[in-house]
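The values are calculated or read from the model by the stated rules, or taken from the named source; none is laboratory data. It should be emphasised that the depicted structure is a prediction, and the values quoted were computed from it without experimental measurement. As a convention, Cβ positions derive from the backbone with ideal geometry for all residues, glycine included, and neighbour counts pool all protein chains shown. When the accessible area is computed, the model is the full protein with side chains, heavy atoms only, and any ligands, DNA or RNA have been set aside. Shrake-Rupley method; radii C 1.70, N 1.55, O 1.52, S 1.80 Å.
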Amino acid sequence: TITLKVPACAVGTVASTGTALAVNRSQDLTRMISLGLDVRPVRNVLAAPLYVKEDLYGVVVAENVKTEARVDPADLQLLQALTKQAGISINNARMYADLRRMEHLREEMSIAERIQKHQLPREVPTPRHLRIARFIQPAKEVGGDYYDFLEYGDGRYGIVIGDVSGKGL
């Protein structure tokens, strides 16, 4: 039975040492009391640190309050294997969430790139006695650069050039 009655000092012991804990009432009553465990309902306790990569994420605790069955090294190994797998699963979930965020940002950047390209003029004016060439190459998917041509009539043209710093969307 897994309960939430384990005092902070038992959890703190596992968290501070980084080592798993197995305590049997029948042989470790004094140790249980020193760990702050309420020995009346608890028969035995298993506790193991839960790491995500090298970071302590929490402590998993299993208490037996029903039977006198002792916990043995195999029980502790099982709990440690479960916490190791849980840590891997938590890390995988975090990486998946990061990948989803990155994919979402890529999609936004792609949309912004298409918007930027559609804002730029499609044709270059051809005034007499002047040749105009154009080229734009953003350093990233989207740049802060903009240009346009303005026709005033009577063969007069204006050129608008913009460079936005910061380059956030």
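Quick notes on this structure:
- Taking the average, over residues, of other Cβ atoms within 10 Å as the packing measure, peptides 10-16, 24-30, 119-125 rank 10-16, 24-30, 119-125 from highest down.
- Rounded to the nearest whole Hz, the Karplus-based 3J(HN,Hα) values (6.51 cos²θ - 1.76 cosθ + 1.60, θ = phi - 60°) of the stretch 85-90 follow the sequence 5, 4, x, 5, 5, 5, with x at glycine and proline.
- Here's the picture: a label point sits 7 Å out from the Cα of S26 along the beta-carbon direction, and within the stretch 50-85 the residues with their amide nitrogen under 19 Å of it are 63-77.
- Distance between the stretch 96-140 and the stretch 61-94 - C-alpha centres, whole angstrom: 53
- Fraction of accessible area attributable to carbon and sulfur, the chain (%, probe 1.4 Å): 55
- Lysine pair count for the chain with Cα-Cα distance under 27 Å and sequence separation of 8 or more or different chains is 7.
- Between 0 and 90°, nearest 10: helix 25-34 axis offset from the chain longest Cα axis: 60
- Zero-based 5 Å bins, Cα pair distances in the chain, whole percents: 1, 7, 12, 12, 9, 6, 5, 4, 4, 5, 5, 5, 5, 5, 4, 4, 3, 2, 1, 1, 0
- Taking a quarter of the surface of the Cα convex hull of the stretch 73-169 gives a mean projected area of 8.8 nm².
- Rounded accessible area per residue of the chain, 1.4 Å, Å²: 72
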